[in-house]
Amino acid sequence: MSTTSTDDEADLSCGGDGTETRIPKRKRRKVAIIFAFCGVGYQGMQRNPGAKTIEGELEEALFHAGAVPETERGKPKLYDFARSARTDKGVSAVGQVVSGRFYVDPPGFVDRLNANLPDQIKVFGYKHVTRSFSSKKFCDRRRYVYLIPVFALDPITHRDREAVMASLGSGEEYVKCFECSERGRKNKIPGVLGNCKVNNFDTRTEIKSEALSSKLPNGENSLSSVDVEVARRIQEDGCKQESAEKMNGEGNEMAETKSTFCYGEKEKERFSRILSYYVGSYNFHNFTTRMKADDPAANRNIISFTANTVINLDGVDFIKCEVIGRSFMLHQIRKMMGLAVAIMRNCAPESLIQTAFSKDVNITVPMAPEVGLYLDECFFTSYNTNFEDSHDQVSMEAYREEAEAFKLKHIYSHIGSAERKYGSVALWLHSLNYRNYPDLNYGRNGHNTEQVLVYKKVDETQGITEPEQVSKQNDENAQVTTSIETRTLA
């Protein structure tokens, strides 16, 4: 509850003639502060003792700017501090809003704040609000944006090891991922041993000649970058020396071939349909952590979820996915995106989203990386309507241009460079398989499905194989592109 005991301050000082002069009172004001930040290097928004957080930086800046007295330093409850949204580790924000009772006089409060903040946190301005205002309770809706690379929706890029091995002998073989080779991940590149061209998102990949001319113990040419087990499978499948020689001669040409996948109307229609399954009021207990299905807090309402725009950052095309909801739980948006991407890559049926909303179903869904997510804007529609005649409107409208410049300089540049240099999403895509997420196959059985053999596990101690079967849904939108043929490794 707000108190008034420290709302006013007045100091007496002695003038040159020995008389006392009264310094004008400094009044506390209830204000909403609108700011942006790039979340890289921070452990989230919320203050956490011992961790580097955005809130911790802001509280210190408020103290050094004179907005918070010494007696209340590090005690945000004493000045009614509230935030409109919490963000995960590494997640950024363009339109974050916090509120509290601060000393904003004399003029220049925003400049004083920014002078005490790092470059990746910027205050745009503040608005005078009612004494009862809380940026958390009065926020009607929150809009988040997730930038997902276009190549992430391509079913053939950055596949897991099992898919690489299962493809052998199918007529469209795949080898180690050249982009992720230094990170120890496997990817399938079609056409390496056949006549198909390479489908790859990175057109600047270089295949080193020495990697194309290494020798196996029997003297046959092969790829040094191919995993040993894959190389042995290639031998068993009867790959001939001329295939490798052909690859040696055409490797550089194939490396320059662009992926044929693009986010066209057909792909946009399918992805939009998948995202639309989230719209409405559902139980999202499977899209967060440590939440029971019967907890009322698991019920959330998604107002809209769209993916209509493609932007290019640092040479990589990204799809701008915008989701609007009243509130979100920990990791909810990242898990929603993770499952949607898995479905687009044919790793799970579209029906799995509706299945995940069931209270009696507990499954683990993939969680997309945090780097592409940012809080775009917080809305206070009801408050602005009720107090439009007496108080400032709490909105981003006056700061659009400044916010856009910050977003381009700090947030978009980080997202683009993180993918180009480190392959944040590319590495994550390698984990989308039934070994890491067996629940992606949940619900296929018993729904008029056809059993197909997708790969075999090798028992290293006994040298026997155990088939693992998954079902193939009779739906043109959920085709499992895996090979039926598998062989035991020698």
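The values are calculated or read from the model by the stated rules, or taken from the named source; none is laboratory data. Keep in mind the model is a prediction, meaning the values are calculated, not measured. Please note: Cβ atoms are built from the backbone with ideal geometry, for glycine as well, and neighbour counts cover all protein chains shown. Note: accessible area is taken over every heavy atom of the protein model, side chains too, but ligands, DNA and RNA are not part of it. Shrake-Rupley method; radii C 1.70, N 1.55, O 1.52, S 1.80 Å.
Some observations on this one:
- Within the range 419-434, the residues that satisfy the criterion of being touching a residue at least 60 places away in the same chain (Cβ under 8 Å) and on the phi < 0 side of the Ramachandran plot are Glu419, Arg420, Val425, Ala426, Leu427, Trp428, Leu429, His430, Ser431, Leu432, Asn433, Tyr434.
- Residues of the range 127-185 satisfying the condition of being of a type in the set (D, E, K, R), modelled with pLDDT under 95 and within 29 Å of Ile311 (Cβ to Cβ): Asp154, Arg159, Asp160, Glu179, Glu182, Arg183, Arg185
- Taken across the range 129-142, residues that are within 30 Å of Glu370 (Cα to Cα) and free of Cβ contacts under 8 Å to residues at least 24 places away in the same chain do not occur at all.
The rows are residues; the columns are (1) closer than 30 Å to Ser417 by Cβ; (2) surrounded by 16 or more Cβ atoms within 10 Å (Cβ to Cβ); (3) touching a helix residue (DSSP H, G or I) at 6+ places or on another chain (Cβ under 7 Å).
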site: Val31; (1), (2), (3): no, yes, no
site: Phe35; (1), (2), (3): yes, yes, no
site: Pro49; (1), (2), (3): no, no, no
site: Lys52; (1), (2), (3): yes, no, no
site: Val68; (1), (2), (3): no, yes, yes
site: Thr71; (1), (2), (3): no, no, no
site: Thr87; (1), (2), (3): yes, yes, no
site: Gly90; (1), (2), (3): yes, yes, yes
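- Any chance Ala405 is open to solvent by 10 Å² or more (accessible area, probe 1.4 Å), without any contact (Cβ under 8 Å) to a residue 60 or more places away in the chain and closer than 26 Å to Asn114 by Cα: yes
- Whichever residue in the range 135-153 is assigned to a loop (DSSP other than H, G, I, E, B), in contact with a strand residue (DSSP E or B) (Cβ under 8 Å, 6 or more places away or on another chain) and open to solvent by 20 Å² or more (accessible area, probe 1.4 Å) and, among such residues, is nearest to Gly100 (Cα to Cα): Lys136
- Unique match (being in a loop (DSSP other than H, G, I, E, B) and surrounded by 15 or more Cβ atoms within 10 Å (Cβ to Cβ)) among Phe328, Phe318: Phe328
- Hey, Ser351 of a type in the set (Ser, Thr, Tyr) and loosely packed, with under 15 Cβ neighbours inside 10 Å or not: no
- Taken together, Asn308, Asn384, Asn312 contain a single residue that is farther than 27 Å from Val91 by Cα and out of contact with any Asp or Glu (no Cβ under 6 Å at 6 or more places or on another chain), which is Asn384.
- The one condition from (1) in contact with a Gly (Cβ under 6 Å, 6 or more places away or on another chain); (2) modelled with pLDDT of 95 or more that Gln96 does not meet is (1).
- The residues in the range 263-287 that are open to solvent by 50 Å² or more (accessible area, probe 1.4 Å) and part of a strand (DSSP E or B) can be counted, and the count is 2.
Yes or no, residue by residue, for (1) acidic (Asp, Glu); (2) over 18 Å from Tyr146 (Cβ atoms); (3) surrounded by fewer than 17 Cβ atoms within 10 Å (Cβ to Cβ):
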position: Thr289; (1), (2), (3): no, yes, yes
position: Asp294; (1), (2), (3): yes, yes, yes
position: Thr306; (1), (2), (3): no, no, yes
position: Thr309; (1), (2), (3): no, no, yes
position: Asp314; (1), (2), (3): yes, no, yes
position: Met337; (1), (2), (3): no, no, no
position: Arg345; (1), (2), (3): no, no, no
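- Residue list for the range 49-95, filter: touching a residue at least 40 places away in the same chain (Cβ under 8 Å), among the charged types (D, E, K, R) and outside any helix (DSSP H, G or I): Asp80, Arg83, Arg86, Asp88, Lys89
- Some residue of the range 61-76 being under 29 Å from the mean Cα position of the chain (by Cα) and under 23 Å from Tyr399 (Cβ atoms): yes
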